[in-house]
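S.K.: Here's a structure for you.
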Amino acid sequence: MAGYPPYQWRADGGYQELPPPPQAQPAPGMFLYPAQPMYLQPLQYMPGPIGVYGIALPPAPQEAATALPPAPSPQEKKEEKKEAKKDDDDKKRKVEPPRPAPEKKERQKPNNPRAPPSLLPGTNYMFPLETLTLHIFNPASKIWLPRYKHRALAFKIFHANTQKTVRQMIEYVKGAKASEGPEKCGRWAATECIEVGDGTFLKGTTIEYASDKAKSTFEECGWNGRRGQELPPVWIAVHKS
């Protein structure tokens, strides 16, 4: 084979090849020249010739230049710096006006003059060593009378010092000071009531405010610290004598 593919096969000759293609022959009197390669170059901008579109125009009118202010002299610069520095110093030295001193609030007295005292921080209070429990009915109630039997009567519970006197107890119930005692409590008395159950009380010892016995302490009257703990509390009715 000469490099051409076979197109047939014969038993006596094997594969048959195509004959080579005919070569073109130049005609007489003609010459063939190989084509020259062509190169493309980028176009360059070329200004057009001066014509109608290139007629020169008159220059645009320019605004008149404004005159600049004269530069400050060195002396003026120094004065400006001094003024600026003075303003800064004034701002630094500016102090807020002093605030008014807070008003001292007087310690308000409690509505109840018999209330426990208010203690300052770090202050101790000397409590009584022995106290008893008192059940005191509302004033002017003689609860041993038959009309008060089987009724739920109002009373207040107190823990009192056993060294307090009967007279001081009457003044406390009536809201009177010691100096006002004879005027507000002169016709009043305190009666011990004995509870027998079912809302019934019996009359016990009566101590008038103006009597000498009213100067006795609770402990001297037999009302010791056991009342309200090991023994029943002391029931008291403060009433007019």
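S.K.: Right, Leu132: in contact with a Phe, Trp or Tyr (Cβ under 7 Å, 6 or more places away or on another chain) and either surrounded by 15 or more Cβ atoms within 10 Å (Cβ to Cβ) or part of a loop (DSSP other than H, G, I, E, B) (or both) or not?
M.R.: Values: in contact with a Phe, Trp or Tyr (Cβ under 7 Å, 6 or more places away or on another chain): yes; either surrounded by 15 or more Cβ atoms within 10 Å (Cβ to Cβ) or part of a loop (DSSP other than H, G, I, E, B) (or both): yes.
Judged against the criteria, Leu132 is a match.
S.K.: I want to confirm something. Restricting to segment 139-176 and keeping residues that are of a type in the set (D, E, K, R) and either out of contact with any Asp or Glu (no Cβ under 9 Å at 6 or more places or on another chain) or in contact (Cβ under 8 Å) with a residue 40 or more places away in the chain (or both), which single residue is nearest to Lys215 (Cα to Cα)?
M.R.: Taking segment 139-176 first, the residues of a type in the set (D, E, K, R) are 142, 147, 149, 151, 156, 164, 167, 171, 174.
Okay, now just the ones that are also either out of contact with any Asp or Glu (no Cβ under 9 Å at 6 or more places or on another chain) or in contact (Cβ under 8 Å) with a residue 40 or more places away in the chain (or both), so 142, 147, 149, 151, 156, 164, 167, 174.
Values: Lys142: 22, Arg147: 32, Lys149: 31, Arg151: 32, Lys156: 23, Lys164: 9, Arg167: 6, Lys174: 17 Å.
If we take residues in segment 139-176 being of a type in the set (D, E, K, R) and either out of contact with any Asp or Glu (no Cβ under 9 Å at 6 or more places or on another chain) or in contact (Cβ under 8 Å) with a residue 40 or more places away in the chain (or both), then Arg167 is nearest to Lys215 (Cα to Cα).
S.K.: Could I ask something else about it? Filter segment 211-241 down to residues that are among the acidic types (Asp, Glu) and free of Cβ contacts under 8 Å to residues at least 40 places away in the same chain and give me whichever is nearest to Ala160 (Cα to Cα).
M.R.: Going residue by residue through segment 211-241, those that are among the acidic types (Asp, Glu) are 212, 219-220, 230.
From the residues that got through so far, the ones that are free of Cβ contacts under 8 Å to residues at least 40 places away in the same chain too are 212, 220, 230.
Working: Asp212: 21, Glu220: 14, Glu230: 16 Å.
The residue in question is Glu220.
S.K.: Scan segment 135-171 for residues that are of a type in the set (Val, Ile, Thr) and assigned to a strand (DSSP E or B) and report the count. I'd like the intermediate steps shown before the answer.
M.R.: From segment 135-171, those of a type in the set (Val, Ile, Thr) are 136, 143, 157, 162, 165-166, 170; that's our starting set.
Okay, now just the ones that are also assigned to a strand (DSSP E or B), so 136, 157, 165.
Summing the residues that are of a type in the set (Val, Ile, Thr) and assigned to a strand (DSSP E or B) in segment 135-171 gives 3.
Listed here are the residues, each with its yes/no results for (1) surrounded by fewer than 17 Cβ atoms within 10 Å (Cβ to Cβ); (2) small (Gly, Ala, Ser); (3) more than 15 Å from Tyr148 (Cα to Cα).
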residue	(1), (2), (3)
Cys185	no, no, yes
Phe201	no, no, no
Glu219	yes, no, yes
Gly228	no, yes, yes
Ile236	no, no, no
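S.K.: In segment 178-205, how many residues are part of a loop (DSSP other than H, G, I, E, B) and in contact (Cβ under 8 Å) with a residue 40 or more places away in the chain?
M.R.: So the first thing to find is which residues in segment 178-205 are part of a loop (DSSP other than H, G, I, E, B), and the list is 178-180, 186-187, 198-199.
Among the residues that remain, those that are also in contact (Cβ under 8 Å) with a residue 40 or more places away in the chain are: 187, 198-199.
So the count comes out to 3.
S.K.: Here's something else I'd like to know. Identify the residue in segment 64-123 that is within 32 Å of the chain's Cα centre (by Cα) and surrounded by 10 or more Cβ atoms within 10 Å (Cβ to Cβ) and, among all such residues, is modelled with the highest pLDDT.
M.R.: Ser118
The values are calculated or read from the model by the stated rules, or taken from the named source; none is laboratory data. Just so it is clear, the model here is predicted, and its values are computed rather than measured. Positions of Cβ are backbone-derived with ideal geometry, glycine not excepted, and every protein chain shown enters the neighbour counts.
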